[in-house]
1. Considering only region B:258-269, I want to know if a residue exists there that is in a loop (DSSP other than H, G, I, E, B), in contact (Cβ under 8 Å) with a residue 24 or more places away in the chain and under 20 Å from B:ARG238 (Cα atoms).
2. Considering every residue within region A:72-82, establish whether at least one is in a helix (DSSP H, G or I), surrounded by 15 or more Cβ atoms within 10 Å (Cβ to Cβ), of a type in the set (Lys, Arg) and modelled with pLDDT of 95 or more.
3. Considering region A:21-46 alone, what residues qualify as being touching a residue at least 60 places away in the same chain (Cβ under 8 Å) and part of a helix (DSSP H, G or I)?
4. Could you tell me whether B:SER419 is hydroxyl-bearing (Ser, Thr, Tyr) and in contact with a Leu (Cβ under 8 Å, 6 or more places away or on another chain)?
5. Do we find a residue being in contact with a Gly (Cβ under 6 Å, 6 or more places away or on another chain), surrounded by fewer than 17 Cβ atoms within 10 Å (Cβ to Cβ) and touching a residue at least 24 places away in the same chain (Cβ under 8 Å) anywhere in region B:332-350?
6. Hey, can you tell me all the residues within region B:232-248 that are assigned to a loop (DSSP other than H, G, I, E, B) and in contact with a helix residue (DSSP H, G or I) (Cβ under 7 Å, 6 or more places away or on another chain)?
7. Out of the residues in region A:272-307 that are within 20 Å of the chain's Cα centre (by Cα) and either within 14 Å of chain B (Cβ to nearest Cβ) or part of a helix (DSSP H, G or I) (or both), state the one that is farthest from A:HIS129 (Cα to Cα).
Amino acid sequence: MAEKLFRAALREALDEEMTRDDKVYLVGEDIGLFGGAYRVTEGLQQKYGELRVVDAPIAEEVIVGSAIGAAMSGLRPVVEMMTINFSLLAYDQIVQNAAKIRYMFGGEVAVPMVVRLPGGAGHQLSSQHSHSFEVLYGFIPGLLVVAPTTPEDAKGLLKSAIRTDNPVMFLESMSLYNLKGEVPKGDYTTPIGKAALRRQGSDLTIVGVSRQAVLAAAAAAKLEDEDVDSEVIDLRSIRPIDWDALTKSVKKTGRCLVVEEGWPTYGVSAEIAAGLQERCFDYLDAPIARLGGAEVPMPYNRELERAAIPSADDIVAHALRVIGRN
Amino acid sequence: MAKVNMPKLSDTMEEGTVLEWKKENGSEVHRGDVLADIESDKAAFELEAEADGVLQIVIQQGEAVPVGDVIATIGESATAPSPPGRAGEGPAGPTPAAEAPAKELPELPKRRRGETDEPAGAPRTAAGDGRTKASPLARRLAAQMGVNLDQVKGSGPDGRIVKEDVIAAADRAGDSAPAPSRAARPAPPPRPTGPEVEVEEPTRMQALIARRMTESKTTVPHFYVTIETRMDEAMSVRDQLRRTVAGAEKLTVTDLLVRACALALVKFPEVNSSWVDGRFERKRRVNVGVAVAREKGLVVPVIRDADRKDLVQLSIEGRQLVERARAGKATQEDLSGGSFSISNLGMYGVDEFQAIINPPESGILAIGGVKDAVVVDDGEISVAKVMRMTLSVDHRVYYGATAAEFLAEVVRLMENPVSLVLPPES
């Protein structure tokens, strides 16, 4: 095992998969010559050439539409949206075509496409460039949606995403690109559809979505000082949801807090809370709580932006409320 | 005025003891309220009021009186149904209870035998709409542990009753140490400075079990016979019935055994007998008890006329009896009149064990788990499902050969389970 940056782990996955399978190609804005807005694809065009690392025009619908067509014809495209915010321009292609073609063609044609979606807030990018759109994709049957939070999972999940025959929305929290962590040597995959138990505890379960899983682990350490033993689950797979892991944990602890950076109304946390009360009603010792981003367009002002994103301290405060303190 | 008499709680009960009055002398009681705990020769039961009115206690707790004696009366209510607020006062201010610190633990009456001066009843925690607020988990645990949520004060947000409140209430009801406070993880246990052992009072049920088991093992001459039965057919029939017969979805091995034992008991009247006062009592009915573990204790609910019921009836009735027993709601009818019992520890992975007879019964069948084993048939080795059963017998009532024949009949029925599926002879 070696320590690697989250972005380097992603690059390693792309590099290894492109070597393994010459049907894999990359397409996106500024990913070739420039090496990608977040340097994930740096050096890959030199290595694999302009046909396999394609610098696309600034036309998201075209990028995704062409990738869907290529995928239907037998290639395995990995699209980089410069940010998830721009993916709204390709939303029609993703929802109407990528998610449905395999179904509508009776399974005869598949869409083995990955769309990498850097997103999240915290960089003073203001209202239009700070979205957490997990729910927009998690909502659509026919898509697989994952959000890794460690370098190990980033590499393993990206490899799984490239190898599956179904379209995968691959959510990358921009705040995690510089996160360092152990990455196993060699070829390995992380299964889509499995949550990760990050910490065992007995008093309550904190389910974190994307970067909030990292903050949940930090909050759990602070909660320990308050004599609260929390269990942390990194949701990791937004669609499908790993109900087995969530149910097992909540049946054990009897209490649950779900945290996401996106808006909680109709959010991922709403879905998790509803599904858990259906599955664990007789095991609940407190209402399932949700914590999400403030329901406003993201403010530009640094302090206001901080106030609008759940912090580890916010998670601690909510957790204490769930167990009946404060 | 209604009289409250010492009830007859079992076939053999001649007198009963008022263990504890649950209502104060002179207090208003309502039909269905639990008035007192009464102990018979077999078990303790709750005595419910059968009329509304004011309770006048005649027999103090701890006293024993013959069945039928008046132990209390319920008279006319002294006052009309009390108005919601005190008459003549202005707008009701906060009640003292509402001013008390929210986290204060309720002062529940300590239940001890012989005490007469009981404090007032436990507080009732209710939301503004009169509904008791409790988490789903607390409700489930309360049902399982037989805790009345109306008697529990909630420590959660807005007075919600949470898991730890129920556990603490169950512990208090069992006269044991208070539960640790909720949420906080137990601090590392301090090195004990006091005596080496801690003395814990048994619950009434535990005391009763201790007395009766000692009595049985010291006065009933036990002997034991163990036999193994093949279970492949029985498991297959059980699974088929579960899949195909309405009402049999939860059929258990124990249900099959109840049926097999009931049929065998009909065939062996000497097994369906007791030794009472130096004579045999031959039972005309076949009532089979099933031992059920519950929190801090054990009860043996009895399925009556088990020979006249089919497997579906046995399964449904058995499950209802077990649920009532687990919830501490078994009635006197549920727990008396057995001639023979079954105790199944198979689900715990036990191979075999020996049970103590529950007098005046004369036999108890201890059941081990169904396991795959290597068996030899006509020199051929194969793998089969087997189960071991040990019959404990009162040697005064019948002897080794009868016990062996009886067991062989149970095995024959279990290994030919179609005979268990046939409708009972009416």
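1. Pass one, region B:258-269, residues in a loop (DSSP other than H, G, I, E, B): B:268-269.
Then drop every residue that is not in contact (Cβ under 8 Å) with a residue 24 or more places away in the chain, which leaves B:268.
Going one step further and asking which of them are under 20 Å from B:ARG238 (Cα atoms), we end up with none.
No, region B:258-269 has no match at all.
2. Initially, region A:72-82 is screened for residues in a helix (DSSP H, G or I), giving A:72.
Going one step further and asking which of them are surrounded by 15 or more Cβ atoms within 10 Å (Cβ to Cβ), we end up with A:72.
Pick out the ones that are also of a type in the set (Lys, Arg) and you get none.
No - not one qualifying residue is present in region A:72-82.
3. Answer for region A:21-46, where residues must be touching a residue at least 60 places away in the same chain (Cβ under 8 Å) and part of a helix (DSSP H, G or I): there is none.
4. So B:SER419 fits the description; yes.
5. no
6. Correct list: B:VAL245, B:GLY247, B:ALA248.
7. Filtering region A:272-307 for residues that are within 20 Å of the chain's Cα centre (by Cα) and either within 14 Å of chain B (Cβ to nearest Cβ) or part of a helix (DSSP H, G or I) (or both), the one farthest from A:HIS129 (Cα to Cα) comes out as A:GLY275.
Per-residue answers, yes or no, for (1) among the acidic types (Asp, Glu); (2) under 19 Å from the mean Cα position of the chain (by Cα); (3) crowded, with 16+ Cβ neighbours inside 10 Å:
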site	(1), (2), (3)
A:ILE31	no, no, yes
A:ALA37	no, yes, yes
A:LYS47	no, no, no
A:ALA56	no, no, yes
A:SER87	no, yes, yes
A:ALA90	no, yes, yes
A:ALA110	no, no, yes
A:VAL114	no, yes, yes
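The values are calculated or read from the model by the stated rules, or taken from the named source; none is laboratory data. Note that the structure is predicted; figures quoted are calculated from it, not measured. Backbone-built Cβ (ideal geometry, glycine too); neighbour counts: all protein chains shown.
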